[in-house]
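See structure below.
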C-alpha cells in the first residue's frame with residue numbers, strides 16, 4: 001500500500017489522484033471495445049467477462065496496483081449496485097488471506113470480487129490486467145499499452161512507493177481505511193461527470209455563438 005504523504009486535505013494531492021483515476025478509467029475504454037469484438041466472435045461470454053474458473057484457485061494469481069485498489073474501494077463506497085457489498089467482500093478477503101502471504105509475488109487465491117460467476121466491478125472499476133488478458137492468456141497491443149499506462153500513473157502518483165500485490169492484500173488495506181485515499185468518487189464516475197460538464201460547456205458556447213437559439 002502506498003504510504004500517505006502530507007495531510008489528507010491537500011487539494012493538489014486530491015486533484016492529482018482524481019486525474020489519475022480518470023486516466024485509469026480512460027485506459028479501460030479500448031479494452032472494453034476489444035471485449036465487445038470477442039463477444040461478437042464468440043470467444044468470451046455474452047457479458048464480456050472471463051470464465052469464472054479463471055478467478056479462482058489455482059488458476060487465479062492476479063495482482064493489482066495501488067491506484068486500482070483505490071478505484072475499486074471508491075466504487076464500493078459510491079456505486080449504487082455495490083452499496084452494502086463491501087462487508088461481503090471483506091469476509092471473502094479474510095478467507096483468501098488464510099492461503100496467501102504478505103508478499104508482492106503472484107499467489108493463487110479466490111478473487112473476493114467474484115460474485116457467483118460474475119465480477120462485481122466489471123464495468124465500475126475493473127483491474128486493467130483482468131480486462132486486458134485474452135482467453136488464450138495473452139495480451140493484445142492495446143492491452144499492453146493500457147497496462148503500461150496504469151504503471152505510469154502509479155509511478156507518477158506514488159513514485160517508488162507502490163507495487164503489485166494480490167487483490168485481497170492490497171484492497172483490504174484501502175477498504176478498511178475510512179479516512180484514506182479510498183474516500184471519494186471512482187474514476188468512472190469522475191470521468192462521466194467530466195464528460196457531462198464538457199457537453200454543457202459546448203452547448204453554452206453554441207448558444208453564445210447563435211443568440212437566436
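Miscellaneous remarks
- Within segment 134-148, the set of residues being part of a helix (DSSP H, G or I) and more than 13 Å from the chain's Cα centre (by Cα) comprises 141, 142, 143, 144, 145, 148.
- Any hit, segment 47-58, residues being in contact with a strand residue (DSSP E or B) (Cβ under 8 Å, 6 or more places away or on another chain), surrounded by fewer than 15 Cβ atoms within 10 Å (Cβ to Cβ) and over 30 Å from residue 177 (Cβ atoms): yes
- Out of 157, 131, sole residue that is buried (at least 19 other Cβ atoms within 10 Å of the Cβ), part of a helix (DSSP H, G or I) and under 14 Å from the mean Cα position of the chain (by Cα): 131
- In segment 135-149, the residues that are touching a residue at least 60 places away in the same chain (Cβ under 8 Å), surrounded by 14 or more Cβ atoms within 10 Å (Cβ to Cβ) and under 20 Å from residue 60 (Cα atoms): 140, 143
- Selection from segment 91-117 of residues that are surrounded by fewer than 17 Cβ atoms within 10 Å (Cβ to Cβ) and over 13 Å from residue 56 (Cβ atoms): 91, 94, 97, 98, 101, 102, 103, 104, 105, 106
- Complete set of residues in segment 170-197 that are surrounded by fewer than 19 Cβ atoms within 10 Å (Cβ to Cβ) and assigned to a loop (DSSP other than H, G, I, E, B): 176, 177, 178, 179, 180, 183, 184
- Against the conditions (1) in contact with a strand residue (DSSP E or B) (Cβ under 7 Å, 6 or more places away or on another chain); (2) touching a residue at least 40 places away in the same chain (Cβ under 8 Å); (3) over 19 Å from residue 177 (Cα atoms), residue 113 satisfies every one except (3).
- Enumerated helices (runs of 4 or more DSSP H) restricted to segment 1-116, each holding at least 1 residues that are modelled with pLDDT of 95 or more, within 22 Å of residue 132 (Cα to Cα) and in contact with a helix residue (DSSP H, G or I) (Cβ under 8 Å, 6 or more places away or on another chain): 11-40, 66-78
The values are calculated or read from the model by the stated rules, or taken from the named source; none is laboratory data. Source: prediction; values computed, not measured. FYI the Cβ positions are ideal-geometry reconstructions off the backbone, even for glycines, and counts take in every protein chain you see.
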